[in-house]
Amino acid sequence: MNMEERIARINALYHLSQERALTEEEKKEQARLRQEYVAAIRGNLRAQLDNIDIVEKDGSITNLGEKFGNAGRKQT
């Protein structure tokens, strides 16, 4: 399931929840899809931040991904 399909399903479950109570299975699916969505957003943001280069006063270039990218991440 790609991101657009996930978002559409999250929205469909939301609208369904406005009409009636979701079943336990639907609630679990909604929670799982939301977690996947948030994880994807965080991953995209991290990738963008890792690709930022800072030009220092001395003219050198510091890549934030190389400097901070692995800080606080779990090694797999």
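Being assigned to a loop (DSSP other than H, G, I, E, B), exposed (fewer than 12 other Cβ atoms within 10 Å of the Cβ) and at pLDDT 90 or above is the filter here; which residues of the stretch 22-51 pass it?
Here is the first cut: in the stretch 22-51, the ones assigned to a loop (DSSP other than H, G, I, E, B) are 22-23, 51.
If we keep only those that are exposed (fewer than 12 other Cβ atoms within 10 Å of the Cβ) too, we end up with 23, 51.
Passing the criteria: only Thr23.
The residue pairs whose first member lies in the stretch 9-21 and is on the phi < 0 side of the Ramachandran plot and modelled with pLDDT of 95 or more, whose second member is assigned to a helix (DSSP H, G or I) and of a type in the set (Lys, Arg), and whose beta carbons are closer than 7 Å, counting only pairs six or more residues apart or on different chains, are Ile10/Arg34.
On the stretch given as the stretch 22-48, residues that are touching a helix residue (DSSP H, G or I) at 6+ places or on another chain (Cβ under 9 Å) and either touching a residue at least 60 places away in the same chain (Cβ under 8 Å) or within 30 Å of Lys67 (Cα to Cα) (or both) total 5.
The values are calculated or read from the model by the stated rules, or taken from the named source; none is laboratory data. Small disclaimer: the values here were computed from a predicted structure and weren't measured. Neighbour counts run over all protein chains shown; Cβ positions are idealised from the backbone, glycine included.
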